[in-house]
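The values are calculated or read from the model by the stated rules, or taken from the named source; none is laboratory data. Owing to the predicted nature of the structure, the values given are computational and were not obtained by experimental measurement. Because the Cβ atoms are built from the backbone with ideal geometry, glycine has one as well, and the counts that use them run over all protein chains shown. With ligands, DNA and RNA removed, areas are computed over all heavy atoms of the protein, side chains included. Shrake-Rupley method; radii C 1.70, N 1.55, O 1.52, S 1.80 Å.
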Amino acid sequence: MPETIITSDRASVDLDACYNPSTGVLDRRIFTDRLVYEEELERIFGRGWNFICHESQIPDTGNFFVSFIGEDEVIAVRDRAGKVNVLLNSCPHRGNTVCRAELGTTKSFMCSYHGWNFDLDGSLLAVPNEEAFYKGGLDKKDWGLESAANVESYKGFYFATLDPDAPPLIEYLGWVGKLSIDMMLVDGPIQFLDGIHKNRLKCNWKFAVDNLYDWYHVKVTHGTAFKVGLVTEEAMAPNDQMVILGEYGHGIGGPGLTLEQQAEFDRRQASGEGESQWYDIQAGHRTDAATREMLGPVGHRSFGHPNIFPNLWVTHTRQMCLRIPRGPFETEIWWFNYLPVGLPDAQSKQSIYSHNHVFGPAGFLEQDDGENWSHSTRGAKGTRSKNRPLNFSMGLGHDTVSTDPSGQSGIETVVNEHGQRWTYQCWKEWMQADSWQTLKENHSKPPQGSV
Ligand code: FES
Ligand SMILES: [Fe+2]
(Lines give C-alpha, C1' and ligand atoms only; values in the text may rest on other atoms or scores of the structure.)
(Ligands and ions follow the chains in the order given, each with its own letter.)
Protein backbone atom coordinates (compact mmCIF):
# COMPACT_ATOMS: atom_id res chain seq x y z
CA MET A 1 0.00 0.00 0.00
CA PRO A 2 1.48 3.39 -0.94
CA GLU A 3 2.25 5.75 1.87
CA THR A 4 -0.49 8.25 2.62
CA ILE A 5 1.30 11.56 3.00
CA ILE A 6 -1.65 13.77 3.77
CA THR A 7 -2.62 12.63 7.21
CA SER A 8 -5.38 13.93 9.41
CA ASP A 9 -3.04 16.16 11.43
CA ARG A 10 -1.96 17.97 8.23
CA ALA A 11 -5.16 18.25 6.26
CA SER A 12 -8.85 17.58 6.39
CA VAL A 13 -8.65 15.27 3.38
CA ASP A 14 -7.98 11.57 3.82
CA LEU A 15 -6.07 10.99 0.61
CA ASP A 16 -6.54 7.24 0.70
CA ALA A 17 -10.31 7.52 1.01
CA CYS A 18 -10.87 10.61 -1.15
CA TYR A 19 -11.60 8.65 -4.31
CA ASN A 20 -13.13 5.23 -4.73
CA PRO A 21 -12.55 3.82 -8.24
CA SER A 22 -15.13 1.08 -7.72
CA THR A 23 -17.96 3.60 -7.16
CA GLY A 24 -16.68 6.74 -8.86
CA VAL A 25 -17.35 8.78 -5.70
CA LEU A 26 -14.94 11.68 -5.10
CA ASP A 27 -14.35 13.87 -2.03
CA ARG A 28 -14.78 17.39 -3.40
CA ARG A 29 -12.42 18.89 -0.83
CA ILE A 30 -9.54 17.90 -3.15
CA PHE A 31 -10.52 20.99 -5.16
CA THR A 32 -10.22 23.48 -2.33
CA ASP A 33 -7.90 22.17 0.38
CA ARG A 34 -4.74 24.31 0.61
CA LEU A 35 -2.47 21.43 1.67
CA VAL A 36 -3.74 19.22 -1.12
CA TYR A 37 -2.87 22.05 -3.51
CA GLU A 38 0.64 22.45 -2.10
CA GLU A 39 1.24 18.73 -2.41
CA GLU A 40 0.04 18.84 -6.03
CA LEU A 41 2.71 21.42 -6.80
CA GLU A 42 5.38 19.16 -5.27
CA ARG A 43 4.21 15.71 -6.29
CA ILE A 44 2.51 16.29 -9.63
CA PHE A 45 3.89 19.45 -11.27
CA GLY A 46 7.27 19.23 -9.51
CA ARG A 47 7.71 15.61 -10.55
CA GLY A 48 6.03 15.17 -13.95
CA TRP A 49 7.11 16.18 -17.45
CA ASN A 50 5.54 19.58 -18.15
CA PHE A 51 5.00 21.00 -21.65
CA ILE A 52 7.09 24.17 -22.01
CA CYS A 53 7.01 25.27 -25.67
CA HIS A 54 7.34 24.16 -29.28
CA GLU A 55 10.64 24.32 -31.18
CA SER A 56 9.13 26.76 -33.71
CA GLN A 57 8.73 29.33 -30.91
CA ILE A 58 12.47 29.46 -30.24
CA PRO A 59 14.24 28.50 -33.50
CA ASP A 60 17.37 30.70 -33.18
CA THR A 61 20.12 31.48 -30.67
CA GLY A 62 18.86 33.76 -27.91
CA ASN A 63 15.16 33.13 -28.63
CA PHE A 64 13.27 32.62 -25.38
CA PHE A 65 9.75 31.84 -24.20
CA VAL A 66 8.57 32.15 -20.59
CA SER A 67 6.40 29.31 -19.31
CA PHE A 68 5.42 27.65 -16.03
CA ILE A 69 5.93 24.40 -14.16
CA GLY A 70 3.18 24.61 -11.56
CA GLU A 71 3.88 27.96 -9.89
CA ASP A 72 7.57 27.97 -10.90
CA GLU A 73 8.14 30.45 -13.71
CA VAL A 74 10.70 29.16 -16.20
CA ILE A 75 12.51 30.53 -19.25
CA ALA A 76 13.00 28.23 -22.24
CA VAL A 77 15.96 29.65 -24.16
CA ARG A 78 18.08 28.42 -27.05
CA ASP A 79 21.77 28.86 -26.25
CA ARG A 80 24.75 29.43 -28.55
CA ALA A 81 25.27 25.69 -29.00
CA GLY A 82 21.65 25.31 -30.18
CA LYS A 83 20.57 23.57 -26.97
CA VAL A 84 17.27 24.47 -25.31
CA ASN A 85 17.71 25.26 -21.62
CA VAL A 86 14.85 25.61 -19.16
CA LEU A 87 15.91 27.99 -16.38
CA LEU A 88 14.09 29.09 -13.26
CA ASN A 89 13.12 32.73 -13.73
CA SER A 90 14.28 33.70 -10.26
CA CYS A 91 17.49 35.53 -9.45
CA PRO A 92 19.53 33.84 -6.70
CA HIS A 93 20.37 37.24 -5.18
CA ARG A 94 16.91 38.34 -3.93
CA GLY A 95 14.64 36.16 -6.05
CA ASN A 96 13.52 38.80 -8.54
CA THR A 97 12.45 37.55 -11.98
CA VAL A 98 15.29 38.09 -14.44
CA CYS A 99 13.04 38.10 -17.50
CA ARG A 100 9.84 40.14 -17.62
CA ALA A 101 9.00 39.66 -21.33
CA GLU A 102 6.79 36.75 -22.35
CA LEU A 103 8.96 35.92 -25.36
CA GLY A 104 11.74 37.50 -27.41
CA THR A 105 15.43 37.38 -28.26
CA THR A 106 18.31 38.29 -25.97
CA LYS A 107 22.07 37.96 -25.47
CA SER A 108 21.73 37.51 -21.71
CA PHE A 109 19.27 38.00 -18.85
CA MET A 110 20.09 40.98 -16.65
CA CYS A 111 18.20 41.20 -13.38
CA SER A 112 16.38 44.52 -13.04
CA TYR A 113 17.00 44.76 -9.27
CA HIS A 114 20.81 44.98 -8.82
CA GLY A 115 22.04 44.03 -12.29
CA TRP A 116 23.37 40.49 -11.97
CA ASN A 117 23.68 39.23 -15.52
CA PHE A 118 23.10 35.63 -16.61
CA ASP A 119 24.14 33.82 -19.79
CA LEU A 120 21.80 31.80 -22.03
CA ASP A 121 22.74 28.62 -20.17
CA GLY A 122 21.94 30.26 -16.82
CA SER A 123 25.53 30.79 -15.66
CA LEU A 124 26.27 34.04 -13.82
CA LEU A 125 28.33 36.21 -16.16
CA ALA A 126 28.84 39.40 -14.23
CA VAL A 127 27.94 41.23 -11.03
CA PRO A 128 28.07 45.04 -10.72
CA ASN A 129 31.01 46.24 -8.59
CA GLU A 130 32.03 42.70 -7.83
CA GLU A 131 35.60 43.44 -6.78
CA ALA A 132 34.81 46.59 -4.79
CA PHE A 133 31.82 45.23 -2.87
CA TYR A 134 32.28 41.45 -2.66
CA LYS A 135 36.11 41.67 -2.39
CA GLY A 136 36.63 38.28 -4.05
CA GLY A 137 34.08 36.55 -1.78
CA LEU A 138 31.50 35.66 -4.42
CA ASP A 139 32.07 32.46 -6.38
CA LYS A 140 30.00 33.16 -9.49
CA LYS A 141 29.93 29.57 -10.64
CA ASP A 142 27.73 28.69 -7.62
CA TRP A 143 25.17 31.44 -8.27
CA GLY A 144 23.73 30.86 -11.73
CA LEU A 145 20.06 30.42 -12.50
CA GLU A 146 18.79 27.00 -11.55
CA SER A 147 18.03 24.65 -14.45
CA ALA A 148 15.26 22.09 -14.81
CA ALA A 149 16.51 18.60 -13.98
CA ASN A 150 15.86 17.44 -17.54
CA VAL A 151 14.65 18.91 -20.83
CA GLU A 152 13.60 16.69 -23.72
CA SER A 153 11.63 17.03 -26.93
CA TYR A 154 9.24 14.71 -28.73
CA LYS A 155 8.86 15.76 -32.39
CA GLY A 156 9.66 19.39 -31.50
CA PHE A 157 7.45 19.60 -28.41
CA TYR A 158 9.70 20.53 -25.48
CA PHE A 159 8.93 19.23 -22.01
CA ALA A 160 10.86 19.72 -18.75
CA THR A 161 10.87 18.04 -15.38
CA LEU A 162 12.21 19.32 -12.06
CA ASP A 163 12.75 15.76 -10.78
CA PRO A 164 16.06 14.09 -11.74
CA ASP A 165 14.48 10.68 -11.09
CA ALA A 166 11.76 11.13 -13.73
CA PRO A 167 11.85 8.47 -16.47
CA PRO A 168 12.79 9.57 -20.02
CA LEU A 169 10.08 11.68 -21.70
CA ILE A 170 9.33 8.96 -24.25
CA GLU A 171 8.63 6.46 -21.47
CA TYR A 172 6.51 9.00 -19.58
CA LEU A 173 4.38 9.77 -22.64
CA GLY A 174 3.88 6.13 -23.60
CA TRP A 175 1.83 5.38 -26.71
CA VAL A 176 -1.11 7.52 -25.59
CA GLY A 177 0.99 10.64 -24.94
CA LYS A 178 2.81 10.17 -28.25
CA LEU A 179 -0.51 9.66 -30.07
CA SER A 180 -1.80 12.89 -28.49
CA ILE A 181 1.06 14.80 -30.09
CA ASP A 182 0.97 12.85 -33.36
CA MET A 183 -2.69 13.90 -33.76
CA MET A 184 -1.44 17.48 -34.15
CA LEU A 185 0.84 16.45 -37.02
CA VAL A 186 -1.72 14.91 -39.39
CA ASP A 187 -1.24 17.79 -41.86
CA GLY A 188 2.58 17.69 -41.63
CA PRO A 189 5.05 19.86 -39.67
CA ILE A 190 3.51 22.73 -37.73
CA GLN A 191 4.44 26.29 -36.77
CA PHE A 192 3.24 27.80 -33.50
CA LEU A 193 1.89 31.34 -33.72
CA ASP A 194 3.14 34.16 -31.53
CA GLY A 195 0.67 35.49 -29.01
CA ILE A 196 -0.57 32.98 -26.46
CA HIS A 197 -4.19 33.65 -25.48
CA LYS A 198 -4.12 33.93 -21.69
CA ASN A 199 -6.90 34.40 -19.19
CA ARG A 200 -7.69 33.47 -15.61
CA LEU A 201 -10.72 31.59 -14.32
CA LYS A 202 -11.80 31.32 -10.71
CA CYS A 203 -11.69 27.54 -10.70
CA ASN A 204 -9.51 24.73 -9.48
CA TRP A 205 -7.27 23.44 -12.29
CA LYS A 206 -8.66 19.89 -12.01
CA PHE A 207 -12.19 20.99 -12.96
CA ALA A 208 -10.75 22.39 -16.20
CA VAL A 209 -8.89 19.12 -16.88
CA ASP A 210 -11.88 16.94 -15.97
CA ASN A 211 -14.03 18.83 -18.50
CA LEU A 212 -11.96 17.91 -21.54
CA TYR A 213 -13.27 14.34 -21.29
CA ASP A 214 -16.80 15.58 -20.64
CA TRP A 215 -19.15 15.18 -23.61
CA TYR A 216 -22.18 15.13 -21.31
CA HIS A 217 -22.21 18.90 -20.75
CA VAL A 218 -22.10 19.98 -24.36
CA LYS A 219 -25.81 20.14 -25.21
CA VAL A 220 -26.65 21.99 -22.00
CA THR A 221 -23.63 24.22 -21.33
CA HIS A 222 -23.21 25.21 -24.98
CA GLY A 223 -26.92 25.27 -25.82
CA THR A 224 -26.74 28.87 -27.00
CA ALA A 225 -24.06 27.99 -29.58
CA PHE A 226 -26.53 25.54 -31.15
CA LYS A 227 -29.42 28.00 -30.89
CA VAL A 228 -27.64 30.75 -32.80
CA GLY A 229 -26.38 28.27 -35.40
CA LEU A 230 -22.65 28.58 -34.66
CA VAL A 231 -22.25 24.80 -34.46
CA THR A 232 -24.41 21.79 -35.20
CA GLU A 233 -25.55 19.44 -32.49
CA GLU A 234 -24.45 16.44 -34.55
CA ALA A 235 -20.85 17.71 -34.82
CA MET A 236 -20.56 18.97 -31.27
CA ALA A 237 -22.22 16.20 -29.30
CA PRO A 238 -21.96 12.83 -31.04
CA ASN A 239 -22.92 9.79 -29.01
CA ASP A 240 -20.32 7.54 -30.67
CA GLN A 241 -17.46 7.91 -28.23
CA MET A 242 -14.02 6.36 -27.86
CA VAL A 243 -11.91 6.54 -24.70
CA ILE A 244 -8.21 5.68 -24.72
CA LEU A 245 -6.45 5.40 -21.37
CA GLY A 246 -2.69 5.70 -20.95
CA GLU A 247 -0.14 5.16 -18.22
CA TYR A 248 0.48 7.86 -15.56
CA GLY A 249 -2.91 9.53 -16.20
CA HIS A 250 -2.77 10.37 -19.90
CA GLY A 251 -6.00 9.82 -21.81
CA ILE A 252 -8.04 10.67 -24.87
CA GLY A 253 -11.82 10.95 -24.71
CA GLY A 254 -14.51 12.05 -27.11
CA PRO A 255 -15.90 11.30 -30.54
CA GLY A 256 -14.61 8.29 -32.42
CA LEU A 257 -15.47 6.47 -35.61
CA THR A 258 -16.80 2.96 -35.27
CA LEU A 259 -15.25 0.40 -37.61
CA GLU A 260 -18.48 0.56 -39.67
CA GLN A 261 -18.31 4.37 -39.95
CA GLN A 262 -14.66 4.18 -40.93
CA ALA A 263 -15.46 1.63 -43.66
CA GLU A 264 -18.32 3.81 -44.93
CA PHE A 265 -16.06 6.90 -44.95
CA ASP A 266 -13.38 5.01 -46.88
CA ARG A 267 -15.95 3.73 -49.37
CA ARG A 268 -17.26 7.24 -50.02
CA GLN A 269 -13.72 8.57 -50.41
CA ALA A 270 -12.83 5.85 -52.91
CA SER A 271 -16.02 6.40 -54.95
CA GLY A 272 -15.63 10.18 -54.96
CA GLU A 273 -18.93 10.76 -53.16
CA GLY A 274 -19.08 14.02 -51.22
CA GLU A 275 -19.16 14.69 -47.49
CA SER A 276 -22.29 13.61 -45.71
CA GLN A 277 -21.40 13.01 -42.05
CA TRP A 278 -20.21 15.07 -39.09
CA TYR A 279 -16.87 13.27 -39.02
CA ASP A 280 -15.94 13.82 -42.66
CA ILE A 281 -13.82 16.92 -42.03
CA GLN A 282 -11.67 15.34 -39.32
CA ALA A 283 -11.46 11.95 -41.04
CA GLY A 284 -10.45 13.75 -44.24
CA HIS A 285 -7.12 14.64 -42.60
CA ARG A 286 -6.36 10.97 -42.06
CA THR A 287 -6.81 9.29 -45.41
CA ASP A 288 -3.22 8.53 -46.39
CA ALA A 289 -1.47 5.35 -45.26
CA ALA A 290 1.46 7.15 -43.56
CA THR A 291 -0.84 9.21 -41.34
CA ARG A 292 -2.90 6.18 -40.40
CA GLU A 293 0.24 4.26 -39.61
CA MET A 294 1.52 7.12 -37.44
CA LEU A 295 -1.75 7.20 -35.45
CA GLY A 296 -2.35 3.45 -35.45
CA PRO A 297 -5.48 1.39 -36.12
CA VAL A 298 -7.34 2.59 -33.01
CA GLY A 299 -5.79 6.06 -32.77
CA HIS A 300 -6.72 7.11 -36.30
CA ARG A 301 -10.42 6.51 -35.52
CA SER A 302 -10.33 8.78 -32.45
CA PHE A 303 -11.25 12.47 -32.62
CA GLY A 304 -11.34 12.87 -28.88
CA HIS A 305 -9.52 15.36 -26.71
CA PRO A 306 -6.15 14.18 -25.40
CA ASN A 307 -4.84 15.21 -22.01
CA ILE A 308 -1.13 14.72 -21.41
CA PHE A 309 -1.07 14.42 -17.63
CA PRO A 310 -1.31 16.62 -15.77
CA ASN A 311 -2.57 19.66 -17.65
CA LEU A 312 -1.96 19.77 -21.41
CA TRP A 313 -5.15 19.62 -23.48
CA VAL A 314 -5.06 19.13 -27.25
CA THR A 315 -8.08 20.00 -29.40
CA HIS A 316 -8.82 19.49 -33.05
CA THR A 317 -9.04 23.20 -33.80
CA ARG A 318 -5.22 23.46 -34.20
CA GLN A 319 -4.94 24.60 -30.61
CA MET A 320 -3.63 23.22 -27.35
CA CYS A 321 -4.07 24.51 -23.86
CA LEU A 322 -2.22 24.54 -20.56
CA ARG A 323 -4.26 24.81 -17.36
CA ILE A 324 -1.75 26.42 -15.01
CA PRO A 325 -2.56 26.36 -11.28
CA ARG A 326 -2.73 29.72 -9.47
CA GLY A 327 -3.79 28.56 -6.03
CA PRO A 328 -6.65 26.18 -5.27
CA PHE A 329 -9.31 28.60 -6.51
CA GLU A 330 -7.74 30.04 -9.66
CA THR A 331 -6.40 28.68 -12.95
CA GLU A 332 -4.56 30.46 -15.75
CA ILE A 333 -5.62 29.18 -19.15
CA TRP A 334 -3.01 29.43 -21.94
CA TRP A 335 -4.13 28.71 -25.50
CA PHE A 336 -1.32 27.91 -27.96
CA ASN A 337 -2.33 28.20 -31.61
CA TYR A 338 -0.55 26.50 -34.50
CA LEU A 339 -0.83 26.03 -38.25
CA PRO A 340 0.61 23.45 -40.62
CA VAL A 341 3.70 24.84 -42.36
CA GLY A 342 2.80 26.13 -45.83
CA LEU A 343 -0.96 26.22 -45.28
CA PRO A 344 -2.52 28.49 -47.95
CA ASP A 345 -3.48 31.98 -46.75
CA ALA A 346 -7.23 31.56 -46.96
CA GLN A 347 -7.11 28.38 -44.84
CA SER A 348 -4.72 30.00 -42.35
CA LYS A 349 -7.13 32.91 -41.91
CA GLN A 350 -9.99 30.50 -41.38
CA SER A 351 -8.02 28.63 -38.69
CA ILE A 352 -7.01 31.85 -36.94
CA TYR A 353 -10.65 32.99 -36.98
CA SER A 354 -11.54 29.71 -35.28
CA HIS A 355 -8.68 30.13 -32.73
CA ASN A 356 -10.13 33.48 -31.72
CA HIS A 357 -13.78 32.53 -31.65
CA VAL A 358 -14.05 28.98 -30.27
CA PHE A 359 -11.87 28.77 -27.15
CA GLY A 360 -9.82 31.34 -25.27
CA PRO A 361 -10.78 34.67 -23.71
CA ALA A 362 -13.02 35.68 -26.63
CA GLY A 363 -14.24 32.19 -27.54
CA PHE A 364 -17.90 31.35 -27.36
CA LEU A 365 -17.30 27.91 -25.80
CA GLU A 366 -14.89 28.59 -22.98
CA GLN A 367 -16.97 31.43 -21.55
CA ASP A 368 -19.76 28.93 -20.92
CA ASP A 369 -17.38 26.31 -19.52
CA GLY A 370 -15.47 28.71 -17.26
CA GLU A 371 -18.65 29.87 -15.53
CA ASN A 372 -19.54 26.30 -14.62
CA TRP A 373 -16.03 25.38 -13.42
CA SER A 374 -15.95 28.50 -11.23
CA HIS A 375 -19.27 27.68 -9.65
CA SER A 376 -18.22 24.05 -9.15
CA THR A 377 -15.15 25.35 -7.29
CA ARG A 378 -17.32 27.71 -5.23
CA GLY A 379 -19.54 24.75 -4.38
CA ALA A 380 -16.56 22.90 -2.94
CA LYS A 381 -15.79 25.70 -0.46
CA GLY A 382 -18.91 25.76 1.72
CA THR A 383 -18.71 24.34 5.22
CA ARG A 384 -21.57 21.95 4.44
CA SER A 385 -21.40 21.63 0.67
CA LYS A 386 -17.73 20.57 0.67
CA ASN A 387 -18.68 17.48 2.66
CA ARG A 388 -21.08 16.23 0.00
CA PRO A 389 -19.07 13.96 -2.36
CA LEU A 390 -19.33 14.16 -6.16
CA ASN A 391 -20.65 11.49 -8.52
CA PHE A 392 -18.46 10.19 -11.38
CA SER A 393 -20.29 6.89 -11.97
CA MET A 394 -21.49 7.29 -15.57
CA GLY A 395 -20.80 4.14 -17.57
CA LEU A 396 -19.00 2.42 -14.68
CA GLY A 397 -19.21 -1.37 -15.09
CA HIS A 398 -21.01 -1.15 -18.45
CA ASP A 399 -18.13 -1.06 -20.92
CA THR A 400 -15.17 -3.09 -22.17
CA VAL A 401 -11.65 -2.18 -23.24
CA SER A 402 -10.90 -3.71 -26.66
CA THR A 403 -7.27 -4.31 -27.52
CA ASP A 404 -6.14 -4.31 -31.14
CA PRO A 405 -3.35 -6.76 -32.16
CA SER A 406 -1.11 -3.68 -32.52
CA GLY A 407 -1.36 -3.15 -28.75
CA GLN A 408 -3.51 -0.02 -29.02
CA SER A 409 -6.71 -0.20 -27.02
CA GLY A 410 -9.91 1.76 -26.62
CA ILE A 411 -13.36 1.77 -25.07
CA GLU A 412 -16.00 2.26 -27.74
CA THR A 413 -19.23 3.38 -26.15
CA VAL A 414 -21.62 6.28 -25.63
CA VAL A 415 -21.13 9.41 -23.49
CA ASN A 416 -19.36 8.29 -20.29
CA GLU A 417 -17.03 9.30 -17.44
CA HIS A 418 -14.20 6.77 -17.91
CA GLY A 419 -11.66 9.53 -18.65
CA GLN A 420 -12.52 11.48 -15.51
CA ARG A 421 -12.36 8.37 -13.32
CA TRP A 422 -8.96 7.47 -14.77
CA THR A 423 -7.73 11.02 -14.10
CA TYR A 424 -8.70 10.96 -10.42
CA GLN A 425 -7.40 7.42 -9.90
CA CYS A 426 -4.02 8.37 -11.35
CA TRP A 427 -4.03 11.75 -9.54
CA LYS A 428 -4.43 9.86 -6.26
CA GLU A 429 -1.52 7.55 -7.10
CA TRP A 430 0.72 10.51 -7.93
CA MET A 431 -0.25 12.17 -4.64
CA GLN A 432 0.39 9.04 -2.58
CA ALA A 433 3.78 8.19 -4.06
CA ASP A 434 6.73 9.67 -2.18
CA SER A 435 9.16 9.27 -5.10
CA TRP A 436 9.33 8.39 -8.77
CA GLN A 437 10.49 4.95 -7.73
CA THR A 438 7.31 4.43 -5.67
CA LEU A 439 5.13 5.84 -8.43
CA LYS A 440 6.70 3.54 -11.02
CA GLU A 441 6.13 0.54 -8.78
CA ASN A 442 2.60 1.34 -7.61
CA HIS A 443 0.83 3.14 -10.43
CA SER A 444 -2.08 1.44 -12.17
CA LYS A 445 -1.61 0.05 -15.64
CA PRO A 446 -4.41 1.11 -17.99
CA PRO A 447 -7.39 -1.22 -17.45
CA GLN A 448 -8.18 -4.18 -19.67
CA GLY A 449 -11.46 -6.05 -20.06
CA SER A 450 -14.50 -4.76 -18.19
CA VAL A 451 -14.43 -1.18 -16.92
S1 FES B 1 17.71 40.39 -7.07
FE2 FES B 1 18.70 40.03 -8.94
S3 FES B 1 20.49 41.22 -8.82
FE4 FES B 1 19.59 41.49 -6.89
FE1 LIG C 1 -17.36 22.85 -23.00
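Between 315, 232, the distinction of being polar (S, T, N, Q), within 16 Å of ligand 2 (Cβ to nearest atom), open to solvent by less than 10 Å² (accessible area, probe 1.4 Å) and at pLDDT below 95 belongs to 315 only. Residue 386 passes every criterion in (1) under 24 Å from the mean Cα position of the chain (by Cα); (2) not in a loop (DSSP other than H, G, I, E, B) apart from (1).
Only residues that are of a type in the set (Gly, Ala, Ser) and either open to solvent by 30 Å² or more (accessible area, probe 1.4 Å) or within 16 Å of ligand 2 (Cβ to nearest atom) (or both): list them for the range 75-103, please. Give the steps one after another, and end with the answer.
Within the range 75-103, the subset of a type in the set (Gly, Ala, Ser) is 76, 81-82, 90, 95, 101.
81, 82, 90, 95, 101, listed by residue number.
Mind checking which residues of the range 363-383 are without any contact (Cβ under 8 Å) to a residue 60 or more places away in the chain, of a type outside the set (Val, Ile, Thr), part of a loop (DSSP other than H, G, I, E, B) and open to solvent by 20 Å² or more (accessible area, probe 1.4 Å)? If the condition is that a residue be without any contact (Cβ under 8 Å) to a residue 60 or more places away in the chain, of a type outside the set (Val, Ile, Thr), part of a loop (DSSP other than H, G, I, E, B) and open to solvent by 20 Å² or more (accessible area, probe 1.4 Å), then 382 is the only one that fits. Selection of the range 196-229 for residues being open to solvent by 40 Å² or more (accessible area, probe 1.4 Å) and either within 16 Å of ligand 1 (Cβ to nearest atom) or touching a residue at least 40 places away in the same chain (Cβ under 8 Å) (or both) yields 197, 198, 200, 202, 216, 224.
When residue 251 is tested against (1) touching a Phe, Trp or Tyr at 6+ places or on another chain (Cβ under 9 Å); (2) open to solvent by 70 Å² or more (accessible area, probe 1.4 Å), exactly one condition is not met: (2). The single condition from (1) closer than 29 Å to residue 125 by Cβ; (2) at pLDDT below 95 that residue 151 fails is (2). Annotation note: of 436, 427, the sole residue that is modelled with pLDDT of 95 or more, crowded, with 22+ Cβ neighbours inside 10 Å and not acidic (Asp, Glu) is 427. Residue check: is residue 238 closer than 30 Å to residue 427 by Cβ, part of a loop (DSSP other than H, G, I, E, B) and either open to solvent by less than 60 Å² (accessible area, probe 1.4 Å) or within 16 Å of ligand 1 (Cβ to nearest atom) (or both)? In short, yes.
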